[in-house]
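Student: The structure that follows is given in the form of structure tokens.
Only the coordinates and a few stated rules stand behind these numbers; no lab work does. The shown structure was predicted, so the numbers you read here are calculated from the model rather than taken from an experiment. Here the Cβ positions follow ideal geometry from the backbone for every residue, glycine too, while neighbour counts run over all protein chains shown.
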Amino acid sequence: MKVTGLDKDGGQQLNGVKATDTETGKEYKFKTRGIINCTGVFVDDILEMDDPAIKRKIVASQGVHLVLDRSFLPGDNALMIPKTSDGRVLFAVPWHNKVVVGTTDNPVNEISLDPVAMEKEIQFILETAGQYLEKPRSEAM
């Protein structure tokens, strides 16, 4: 469902939500006693439906994590790299039979429901993690 509008009563109190089923295109109107806006990075879009003059507060960014083979970080302890080349923090966390490494935080102009990792994000993680993680050589070599 995608919220497409807000309804107000005669006293200009919000009392309804207009929404569209994004799979079928069917439109709905819901009467409400209250509205909770928990739309994350899309919060300003909903606030503007109530007051088009409202000042936007969200500055969008995206972050990515890479999932590596567990052999890069054997054991059960996570690793935090508090000072990277550009001042960010990087984490490597054992997760199931893998290691999750990240995160990045890069500003984006448009918010996407299906974000795609930027090449510079992938390279940042690989270069930084590569200074601390090493895949052990096989005994068979």
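Student: Would you please classify the overall shape of the range 17-89 from the alpha carbon gyration tensor, given that a ≥ b ≥ c denote the square roots of the eigenvalues, rounded means a/c under 1.5, and beyond that prolate means a/b larger than b/c while oblate covers the rest? Display every interim value, and only then the final one.
Tutor: Details: a/c = 3.54, a/b = 2.09, b/c = 1.69.
The shape class here is prolate.
Student: While we're on this one: For helix 119-130, report the angle its Cα long axis makes with the longest principal axis of the Cα atoms of the chain; keep it between 0 and 90° and round to the nearest 10°.
Tutor: 40 degrees
Student: Just how far, in whole angstrom, is the range 97-141 from the range 1-30 if you go by their alpha carbon centroids?
Tutor: Rounded to whole Å, the Cα centres lie 40 Å apart.
Student: Can you give the extra length, in nm with one decimal, that the chain gains between E48 and I111 once fully stretched, where that is 0.36 nm per residue apart less the Cα-Cα distance?
Tutor: On the way: separation 63, 0.36 × 63 = 22.68 nm, distance 1.59 nm.
Working it through step by step, the gained length comes to 21.1 nm.
Student: Ordered by packing density, taken as the mean number of other Cβ atoms within 10 Å over each peptide's residues, highest first, how do 58-65, 47-54 rank? Could you put the intermediate results ahead of the total?
Tutor: Numbers: 58-65: 14.8, 47-54: 12.0.
With the highest mean Cβ count within 10 Å placed first, the list reads 58-65, 47-54.
Student: Taking a ≥ b ≥ c as the square roots of the eigenvalues of the Cα gyration tensor of the range 17-141, is the shape rounded (a/c under 1.5), prolate (a/b larger than b/c) or oblate? Could the numbers behind the result be given before it?
Tutor: On the way: a/c = 3.18, a/b = 2.31, b/c = 1.38.
Because a/c hits 1.5 or more and a/b exceeds b/c, the range 17-141 counts as prolate.
Student: Hey, with R₀ at 35 Å, roughly what FRET efficiency would I58 and N97 work out to, going by the Cβ-Cβ distance, to 0.05? Let's see the in-between values first.
Tutor: Details: r = 36 Å, r/R0 = 1.03.
It comes out at approximately 0.45.
Student: List the trypsin sites (Lys or Arg not before Pro) within the range 24-59 that DSSP assigns to loop and that have no more than 14 neighbouring Cβ atoms inside 10 Å.
Tutor: Here the sparse-neighbourhood loop sites are K26, R33, K55, R56, K57.
Student: Suppose every K and R has +1 on its Cβ and every D and E has -1 on its Cβ; what is the size of the dipole of the range 49-133 about the Cα centre, in Debye to the nearest 20? All intermediate terms of the calculation are to be shown ahead of the outcome.
Tutor: On the way: 8 positive and 11 negative charges, 48 e Å.
Its charge dipole is roughly 240 debye.
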